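S.K.: Take this structure first; my questions come after.
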Amino acid sequence: MKLIGMLDSPYVRRTAISLRLLGLPFEHQPLSVFRTFAAFEKINPVVKAPTLICDNGEVLMDSGLIIQYAEALTRPRSLFPDDPEILQHDLHIIGLALAATEKSVQLVYERELRPPEKRHHPWVSRVTGQLLAACRELEQAFARSKPPVESATIRQAGLTAAVGWHFAQQMLPGVIPPEHYPALAAYSAAAEALPEFRALPHTAAT
């Protein structure tokens, strides 16, 4: 399998770390949807990261769908719990983490792709408020019950939250003060120390 996309994308990085934790070998091709658009378009005309080229050549996209496929390949090994009640809570965490990630990406695009005079400040305020609301909910959840944070036991909920938090801290410094979210910040730092995270750092090209 070949994973296409840059690790500075939280969606690509979430997928890559999931594949590694599940024990699936893959080749990583770090193509950018911006800087190498034409090369990416030859692989996937939609130019969406992450893109996964399966062993039979079929192309998958969207981190959630790629992870779902990876889970099917590695059953019974999984990053999701079997217990329905625990799964429900993990899906709650994943939903919040993906919402925070989506809003972070929107703010990054607003800052880096739109000229300052073209920015719509009410929209920026709204997206920032949504991002902070998601982080507040995550902080409360992690303060009440911290998910496992070891290579053998970390689940998709913790992985997704950790990657999303790290992305926001790297790309939007000062927007989400870590001191206001100590449980979430500490969890992400612990996850980033795991070998699977360190092998696929946010800034890495390959």
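The values are calculated or read from the model by the stated rules, or taken from the named source; none is laboratory data. All of these numbers come straight from a predicted model, not from anything done at the bench. Here the Cβ positions follow ideal geometry from the backbone for every residue, glycine too, while neighbour counts run over all protein chains shown. Just the protein is used for accessible areas: all its heavy atoms, side chains included, with ligands, DNA and RNA removed. Shrake-Rupley method; radii C 1.70, N 1.55, O 1.52, S 1.80 Å.
S.K.: Within segment 73-93, is there a residue that is part of a helix (DSSP H, G or I), under 24 Å from residue 133 (Cβ atoms), open to solvent by less than 30 Å² (accessible area, probe 1.4 Å) and not aliphatic (A, V, I, L, M)?
M.R.: Within segment 73-93, one or more residues are part of a helix (DSSP H, G or I), under 24 Å from residue 133 (Cβ atoms), open to solvent by less than 30 Å² (accessible area, probe 1.4 Å) and not aliphatic (A, V, I, L, M).
S.K.: Looking at (1) under 14 Å from residue 200 (Cβ atoms); (2) open to solvent by 70 Å² or more (accessible area, probe 1.4 Å); (3) not in a helix (DSSP H, G or I), find the lone condition where residue 8 falls short.
M.R.: (2)
S.K.: For residues that are over 18 Å from residue 8 (Cβ atoms) and small (Gly, Ala, Ser), scanning just segment 37-69, find the one that is nearest to the chain's Cα centre (by Cα).
M.R.: Across segment 37-69, the extreme among qualifying residues is 64.
S.K.: A follow-up question, please. Within segment 155-179, restricting attention to residues that are open to solvent by 60 Å² or more (accessible area, probe 1.4 Å) and either free of Cβ contacts under 8 Å to residues at least 12 places away in the same chain or among the hydroxyl-bearing types (Ser, Thr, Tyr) (or both), which residue is farthest from residue 105 (Cα to Cα)?
M.R.: Among those residues, the one meeting the criterion is 179.
S.K.: For residues that are of a type in the set (S, T, N, Q) and within 19 Å of residue 5 (Cα to Cα), scanning just segment 53-72, find the one that is surrounded by the most Cβ atoms within 10 Å (Cβ to Cβ).
M.R.: 63
S.K.: Being open to solvent by 60 Å² or more (accessible area, probe 1.4 Å), farther than 18 Å from residue 10 by Cα and free of Cβ contacts under 8 Å to residues at least 60 places away in the same chain narrows it down to one residue among 141, 183, 152; which is it?
M.R.: Being open to solvent by 60 Å² or more (accessible area, probe 1.4 Å), farther than 18 Å from residue 10 by Cα and free of Cβ contacts under 8 Å to residues at least 60 places away in the same chain holds for just one of 141, 183, 152, which is 152.
S.K.: Quick one: would you say residue 188 is open to solvent by less than 50 Å² (accessible area, probe 1.4 Å), more than 18 Å from residue 131 (Cβ to Cβ) and of a type in the set (Ser, Thr, Tyr)?
M.R.: no
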